[in-house]
Amino acid sequence: MPERFNEYLDQAARSIRWRRARPFALRELRTHLLEQKDAFMEEGMSEPAAEEAALRDMGEAEAVGKALDGVHRPREQWLLLGLTVLLACAAVFLRFYLTAGFEFESPHPLRTVLALAGGLGAMAALYFLDYRVLMRHGEKIYIAAILLGLLTWRFGPHVNSAAWHTRHLVLLYPAVYGIWIGYLRGKGWKGIFLAIFGGIPLAVIACIAPYVTGLFLLLAVGSVLFLCAAGMDWFGVGRTAGFGMAAAAVIAAVIPIKGLIYAMGRRLEAALHPESDPLGYGYQAMSVRNMLSGAQWQGEAPVASVYGDYPYEYIVPEWNADFFLTTIACKLGWLFFFLAVGALLALFAFLLVRACRGRNAFGRLLAVSAVLSLLLQTVGAVIQNLGFVVVTVPIPLFSGNLVMILTLAQIGLALSVFRQQDLPETQEKPARRRWKLVLVAE
Amino acid sequence: MIEELRRRSDDTFSLKAGTLYPLLHSLEQQGCITAWEEDGPRPRRYYHLTETGKAALAQKETEWRAYAGAVLRVLEGGACLA
């Protein structure tokens, strides 16, 4: 590459404010200059004259750079970021407001504020991150997620025989699996097999946590991602062959799910008919249904007569966490319940539609993995908070501090994809900084 | 592309090559054209018109013909009183 061309491209690059767009924006200019120079030399020009003519034909570097700068700008998502911050603040406020008076069950003020700050920080950090880095380092991220799962399971705190931190980490596994599939791009049949078998360690950690909700989310979101990737010929083995193989793997994965459903037979039966087991699996659902039967359109519901003088907080287990939507309906009324549910569903459904329309294939996979998981969680949580309880599903943003941080991080990931959707799929490796040693003879 | 434009317009539209790429990238973002890339030491991008692009072209062409026709009719209308 002639030094004059480098100087020209450096000058044009300085006018493009978004540094991440520079390599892509200038790549064609570089090729054009080189080919134009060759063409002029074939016409009989000397090399310096051909370089001069190619540069003259291209136009002034600063003007070209400014024109490219106007096109290559990040698509900021301030409105969605603002709405998410508002929703997170409203969730924290409601958690304090509706648990006031129950000192041992209300959120710890300092921890909750720190969690909100941490969650917003994680969302901002992921929003500004070049998400394509995740694809490049997919193998390391995948291995780190497995190791972290095993470490938290072995050494972390266990509550009711379940590894507390592992259960929360498992909620991120759909996104980790999306990154893993992204990393396997163009790796052929080896990539397809690694995608199939790569899901197994993640599923095993969800099982030993144990966390049925996490396992279900991983299987559901993972299947969608795998089928979509194979349908886009992500692995490079052809659409039909890849999709056929992915479909066979997904059908095979249904067998353990059928086993799981069979094992949960009593729970499923109790979810539909909680009155058949009112003091066992049906207890939670019965308490929720009894309390909701008295819920008003606005205002606090009276405690159901079957519970005598017991306050609501002693009747519904997990009233301040995974059943917080029931608490909203009983303490504030159905209006606020529908507002909270509507806000969550509208946000995640809108994000999912945007994610599916993305121009960048890896960005699509990543954003869908994060947002589909949140949407499924919300749907499951709403069903559960209406008194159909199979397994407990965390309510995004509302269920606790860790859930809030994870939700905000996943939203940040999706918004990062939307922000940088005009960048090419693969990130060019950053050029090594060139140092020049200048000796000045006195 | 620039050469073709220059030839078809009898040298009226003689653009610098550097003006072409921002236009192409902008059209690509709008979904009017799509590109695929050929890897190599000198990576090349090939562009082609999408259905959205064809529709946008047809609309612009209609608008331009209406505008140019109106200007011609004004110019050919003869003397008028101010």
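Overview of results
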quantity: Some residue of the range A:82-104 being surrounded by fewer than 19 Cβ atoms within 10 Å (Cβ to Cβ), within 14 Å of another protein chain (Cβ to nearest Cβ) and in a helix (DSSP H, G or I); calculated: no
quantity: Counted residues, the range A:381-426 - those being among the β-branched types (Val, Ile, Thr) and within 22 Å of residue A:118 (Cα to Cα); calculated: 6
quantity: Residue tally, condition under 18 Å from residue A:31 (Cβ atoms) and either part of a helix (DSSP H, G or I) or more than 8 Å from chain A (Cβ to nearest Cβ) (or both), over the range B:16-32; calculated: 10
quantity: Every residue from the range A:231-263 that is in a loop (DSSP other than H, G, I, E, B) and without any contact (Cβ under 8 Å) to a residue 12 or more places away in the chain; calculated: A:233, A:238
quantity: Helices (runs of 4 or more DSSP H) wholly inside the range A:144-213 containing at least 2 residues that are in contact (Cβ under 8 Å) with a residue 40 or more places away in the chain and surrounded by fewer than 18 Cβ atoms within 10 Å (Cβ to Cβ); calculated: A:188-208
quantity: Inter-residue pairs, beta-carbon under 6 Å, first polar (S, T, N, Q) and in the range A:274-288, second part of a helix (DSSP H, G or I), 6+ apart; calculated: A:287/A:315
quantity: 2 or more residues under 19 Å from residue A:102 (Cβ atoms): qualifying helices (runs of 4 or more DSSP H) within the range A:264-322; calculated: A:283-292, A:312-315
quantity: Some residue of the range B:65-77 being loosely packed, with under 10 Cβ neighbours inside 10 Å and of a type in the set (Phe, Trp, Tyr); calculated: no
quantity: Criterion violated by residue B:56 - all others in (1) in a helix (DSSP H, G or I); (2) within 13 Å of chain A (Cβ to nearest Cβ); (3) closer than 25 Å to residue A:423 by Cα satisfied; calculated: (2)
quantity: Residue that is nearest to the chain's Cα centre (by Cα), among those in the range A:105-129 that are part of a helix (DSSP H, G or I) and among the hydroxyl-bearing types (Ser, Thr, Tyr); calculated: A:127
quantity: Any hit, the range B:38-45, residues being facing chain A (nearest Cβ under 8 Å), touching a helix residue (DSSP H, G or I) at 6+ places or on another chain (Cβ under 7 Å) and not in a loop (DSSP other than H, G, I, E, B); calculated: yes
quantity: Exclusive hit being closer than 20 Å to residue A:227 by Cβ, assigned to a helix (DSSP H, G or I) and among the hydrophobic types (A, V, I, L, M, F, W, C), set A:344, A:372, A:325; calculated: A:372
quantity: Search result, residues across the range B:1-15 that are within 13 Å of chain A (Cβ to nearest Cβ) and not in a loop (DSSP other than H, G, I, E, B); calculated: B:2, B:3, B:6
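Each value in this text was obtained by applying a stated rule to the coordinates, not by laboratory testing. Quick caveat: nothing in here was measured; it's all calculated off a predicted structure. Please note: Cβ atoms are built from the backbone with ideal geometry, for glycine as well, and neighbour counts cover all protein chains shown.
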